[in-house]
1. Once the Cβ-Cβ distance between residue 280 and residue 97 is put in as r, and R0 is 45 Å, what FRET efficiency do you end up with, to the nearest 0.05?
2. Between residue 560 and residue 600, with labels modelled 7 Å along Cα→Cβ, what's the label distance in nm to one decimal, could you check?
3. Roughly to the nearest percent, how much of the accessible area of segment 171-241 is carbon and sulfur, given a 1.4 Å probe?
4. Could you give the distance between the Cα centres of segment 505-576 and segment 270-298, to the whole Å?
5. Full extension from residue 299 to residue 364: what is 0.36 nm times the residue separation minus their Cα-Cα distance, to one decimal in nm?
6. Roll a 1.4 Å probe over the protein heavy atoms and report the accessible area of residue 192 in Å², nearest 10.
7. If I ignore ligands, DNA and RNA and count only protein heavy atoms, how much of residue 462 is accessible to a 1.4 Å probe, in Å² to the nearest 10?
8. Based on the Kirkwood radius over alpha-carbon pairs, what is the Stokes-Einstein translational diffusion coefficient of segment 456-541 at 25 °C with 0.890 mPa s viscosity, in µm²/s?
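The values are calculated or read from the model by the stated rules, or taken from the named source; none is laboratory data. The model shown is predicted, which means the values in this text are computed figures rather than measured ones. We place every Cβ from the backbone using ideal geometry, glycine too, and count neighbours over all the protein chains shown. The area values use the complete protein model at the heavy-atom level, side chains included, leaving out ligands, DNA and RNA. Shrake-Rupley method; radii C 1.70, N 1.55, O 1.52, S 1.80 Å.
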Amino acid sequence: MNLFGNDCFPQNSSMPSEDDFLIKKLLLTHDPDGRSLDSELLLRAMENVMCYAATSQVCGFHIDAIAKDDVSDIEVVGSQETLAQIIDRIKIEMLRKHPGKENLHTRTMILFDVLGNYRWDVKMVLTLAAFAAAFGEFCIIMQQCPCNPLAVSVSMLKHLPRNLSTLKPQFRALSLLVRTAMDVTKCIIKLEGLPFRYARLDDETMVIAKSWIYVATYWVTRSMVACTSQIRDIKAKKPEQVHVPSLQSGFNTRSDSTLIAAWELSSLAYKLSSICTHLRRQVDLCHQQMEEKMHQKLLKVFQEVHPDNQDVLGILLATKDELPIKNSSTQHKLGVSEVKDKVVLILVSKAELLPLEGLLLLLERTYDHHHHKKLEGSYEIVWISVSDTWTDSERDMFDFLSNSLPWYSVRRPWVLYSAVVNYIKQEWGYKNAPLIVVLDSQGMVTNSNAMDMVFIWGARAYPFSSSKEEQLWDEENWTLKLLLDEIDPLLTTWVEEGRNICIYGSDNLDWIREFNAKFKVIRNAGVQLEMVYAGCKDLSEQVRRMSAVIGEELHRNLFTFTKLHFFWLRLESIRRSKLKLGQTIHSDDHILKEVSALLDTANEGWVIIGRGNTADIVRLSASDAVKWLDRFPEWEANVTKLGFVSALRAAIDPSPPPPPPPGPCNHSKVVPYAEGLTEETVLCEKCMHPMKKYVVYE
């Protein structure tokens, strides 16, 4: 929405009365027809030109920072002309001499007629850009003249003065005026960029703001006409007009015309500076009001019931652009209608998103997950990157990742309204740690943070709501499948086949060798057992070296260093998800107790031994593992009867198990065939009675 349309003159605007007539004349020229462009991006590109021009000591210009934005990215919506054509046409108009109309005000009003179809902020930025083009062309030649024959030849053809040192006061005044004009323009861009589509300011505040905008636009435009005229006049000066000898001393001195020109520009800079002071106060007031109104609007929209998610996403992703998101695969600019009627996972993070391993795990658990194909089109991820101060390096990082990853992202997150960013921080609790807020197809928040849920179950967790998270936990037990789910395909197969698997970790190579030697004795005794090294929670270079040694000396390594990260990220997610649901480590939640104990002692050496996807699982410290494996001959006889894991558990805790229920529960279970499995006695996980064995042939 354009705040400053073709309005009637605002009454009671607290503006000086001498400006009333001027504002009325300006409004007569204002006839916006929907043409628009990214005024902030064009202003940064204009600053870029002025910064490079500043390298000329002759010109004496100074701008602090170089912007890196590419003006070729700027699209002029609603115009048949390109941006370059528009700027060139305005520049020609500013340089043109009008016989009998050289009055600065008259030339300024002629320019307003040319700019009539644009918003107020665009008028200012186009005028600044046209001046920057004219000034930049002049500076290029003057900078290259001492050493570039082509520049010297062009300078001679244009009869440009060769020595501009006497004009330094004029260029200093020009520098001050342009910087002040840019400051005023930034205020107007900030004000025009407020989300008036979703909330309105108080009437009195709006009227006063409009009046200051009209006047500021006029004086910025007039100042740029004056600057361009002076560049045109400097180019037309003869050498004797630039370098005037003093009659008394014989030394060179500056001409009166140079001092008059510098005074004219300084006067305009003073006028603009005064306007900028008032304008800043008004912009701050408008911004404060809009922050409060937008926050209330966001609170309200997330409490209301909607037929779809468009209203919610429209205000949440609100920018000055009608097409706020993009898809990396096509690079197309898209509106929020692209995700209409879908479950939307709002991924909020810094520009670097996640550490590499976390990012790879997120990809593996969503778009690369085998269950994702079944849900294709049912949900989408939209990435909102948040930063307090967007640096060039952060922008570069965001551009790289948003162009590489398969999900949607807000195209230019640095232009998100601050009220939206503050809402995300205050209401969603974002504190730099990545989170995923889930919106259902009606835009209601169904999960305040599904990041851990996604890491644990991947696309299988659809629709990623808190109720789905509770349901999934109700179906889970402390099993190897929960620990290892799909981190490695072969390991997943072993779990499905019901094999005995030992997962262990330590950064002590001596203990690792001793521990593997104990298990070698057990395997030689006929016990089927697979070994998996999972390192420590703190994955140091020492762990990487241990993994390489184990692969060479002891057994094959299923976990690459990246998969080791996946394993520990998964365990951390399991604990956080349980705690989020209100469980505590002092509760009777077996899964939370076990995973917390493992994480808290993971850097001291640990062992987990389990069988397939059963709850038959034992966790031991490094020292206890060696102790009980040493005593294997004492409990070896029970392996055939109970199975290896149950026999180990019985040796550790010989107390009899609680009596089973009165009768069997008729529960059945299909176990894939594995050599030696048929000799084992299998206890029902529910009633703890021995299960009868049947062989099924396929």
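1. Computed FRET efficiency for residue 280 and residue 97: 0.80.
2. Each label point is offset 7 Å from its Cα along the Cβ direction, giving 3.5 nm.
3. C and S atoms contribute 50 percent here.
4. Computed from Cα coordinates, the inter-centre distance equals 60 Å.
5. Here the segment from residue 299 to residue 364 would lengthen by 20.0 nm.
6. Roughly 20 Å² of residue 192 is accessible to a 1.4 Å probe.
7. 70
8. Estimated diffusion coefficient is 159 µm²/s.
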